[in-house]
Amino acid sequence: MQFDFSHQFAEEELPPVAVKRIGVFGCSGSIGKQTLEVIRLYPNLFKATVLTAHSNHDLLINQALEFNPEIVVISDTTKYNVVKEALSGKGIKVMAGDPGLVEAAASDAYDLMMAAIVGFAGLKPTIKAVEKGKTIALANKETLVVAGDVVMKLAAEKGVSIIPVDSEHSAIFQCLVGEQSNPIEKIILTASGGPFVGKKPNYLVNVKREHAIQHPNWSMGAKISIDSSTLMNKGLEMIEAKWLFNLTPSQIEVVIHPQSIIHSMVQFKDNSIKAQMGLPDMKLPIQYAMTYPRRLQNEYPRFNFAKSAVLNFDPPDIKTFRNLGLAITALHKGGNLPCIMNAANELAVYGFLKNRVGFLDMTEVIERTMAEIPFIEQPSLEDYFNCDAEARNFAASLINL
Ligand code: NAD
Ligand code: MG
């Protein structure tokens, strides 16, 4: 067989991009807004038919007026009347609260869910979407960290594709296209290291929200920015990768790569390593998840090897960034431990963002909560909801929230 890649295919010769109606769950956030940017760039391919936001009603109203979706959800119920009034007469169904989110997830108004809600709050609507057989473009990593076994089993039963949006997992997914029957030795998740790469505890003890939130390579929401600065983000991503790619913990490695040009790698059993590379821009994995297996042409800036010749790699400093160590423990032990860790982390990050908890104290909150809440080896979905609530209560009591 001969391959000829010189032919420039005309649009009509290519398989069509199948998915057109996008439900943007978390449309007011960093991923949500970038998803809408992609939709704006390809108005003939995509339509935003469901938009959900937690509390930023002004942005939600503006987005709804621009994209004219079928359904809008404001999950903060106190904002319902304002949104309803602003969109009256537009033919848009407006809903509120968690029940509104789940109803929107169950609706026939969309084909692909962009799961871009942050934290545990994304779990319920995502499970509902999987039950309804929707394709999931998954940005919300906490969904798999908390209940990866339940979600992946349900997706397999329903024949649902879960396509990663997280840049590392998108990179691995892209490396695996065409490799279905080839065994993986390991995956290598790259981490920028965040704003405090190379720093030691005597420095970290004093860092504040304003500094921690400034990621060197990516502009992201507040929670993931703090998670990146503590390396918890990479721990969450190890657990996310375990479920997405059906790996054992020992097949998942982390390497610090400060330039964020290699987004992650797969090493196969023949010792060949594939990497996916590019300038850091979340619009790429967002777009790929919406068009897989197709790639769309764009005019985003290109990476220039000649101008950026140095790519560095170092092992992570788990002694200093202890959150990554805690996540590795949770990855190995499994059961409800990742769920407990995630809940405690959400509370600790919230406390840090409110200046109630110091940078290093976040680790103490997570560690103590992981030790406190009883371990369950094979939790049900209900167990996960209960453990999340218990862990939140305990962590909140440590922080005096
Ligand atoms: P963000 O904070 O910017 O946005 C979060 C969105 O979730 C907002 O639309 C908000 O209204 C909504 N939301 C928050 N709390 C909610 C609740 N209780 N109920 C319903 N909706 C709620 O966050 P983000 O940076 O866009 O990240 C979203 C998810 O994507 C996270 O899980 C994050 O880990 C993941 N992710 C983000 C990036 C990135 O570049 N931002 C990259 C990889 C993965
Ligand atoms: Mg990532």
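The values are calculated or read from the model by the stated rules, or taken from the named source; none is laboratory data. The structure presented is a predicted model; accordingly, all values stated were derived computationally and were not measured. As a convention, Cβ positions derive from the backbone with ideal geometry for all residues, glycine included, and neighbour counts pool all protein chains shown. Accessible surface areas use protein heavy atoms only, side chains included; no ligands, DNA or RNA. Shrake-Rupley method; radii C 1.70, N 1.55, O 1.52, S 1.80 Å.
Per residue, the solvent-accessible area of region 20-164 (1.4 Å probe, heavy atoms of protein chains only, all protein chains present) comes to 39 Å².
Take every Cα pair under 8 Å whose residues are at least 6 apart in sequence, average their separation, divide by the length of the chain, and the relative contact order is 14 percent.
Extent along the principal axes, Cα only, for the chain: 59, 58, 42 Å, with the longest axis given first.
Trypsin sites (Lys or Arg not before Pro) within region 225-329: which are DSSP loop residues with at most 16 other Cβ atoms inside 10 Å?
Of the trypsin sites (Lys or Arg not before Pro), the ones in loops of region 225-329 whose Cβ has at most 16 other Cβ atoms within 10 Å are 269, 294, 295, 302, 307, 319.
Amide hydrogen proximity for residue 163: with H placed 1.01 Å from N in the peptide plane, the residues at 5 or more positions away or on another chain lying under 5 Å are 136, 137, 138. For region 174-311, the number of Lys pairs with C-alpha atoms closer than 27 Å, counting only pairs eight or more positions apart or on separate chains, is 26.
GluC sites (Glu not before Pro) within region 337-401: which are DSSP loop residues with at most 11 other Cβ atoms inside 10 Å? For GluC sites (Glu not before Pro) across region 337-401 that sit outside H, G, I, E and B with at most 11 neighbouring Cβ atoms in 10 Å, the list reads 377. Shown in residue order for region 295-301 are the 3J(HN,Hα) couplings computed by the Karplus curve 6.51 cos²θ - 1.76 cosθ + 1.60 at θ = phi - 60°: 10, 9, 5, 8, 10, 4, x Hz (x for Gly and Pro). Extension gain, residue 306-residue 111: 0.36 nm per intervening residue step, less the Cα-Cα distance, totals 66.0 nm. Within straight-line reach of residue 84, meaning a Cα separation under 20 Å, sit the following lysines at least 8 residues removed in sequence or on another chain: 93.
Cα centroid separation, region 371-397 to region 66-118: 30 Å. In a simple Cβ point-charge model (Lys, Arg +1; Asp, Glu -1; nothing else charged), the chain has a dipole of about 620 debye relative to its Cα centre. Projecting the Cα atoms of 82, 160, 97 onto the charge dipole of region 74-174, computed from C-beta unit charges around the Cα centre, puts 82 farthest toward the positive end. Using heavy atoms of the protein chains and a probe of 1.4 Å, the accessible area assigned to residue 215 is about 30 Å².
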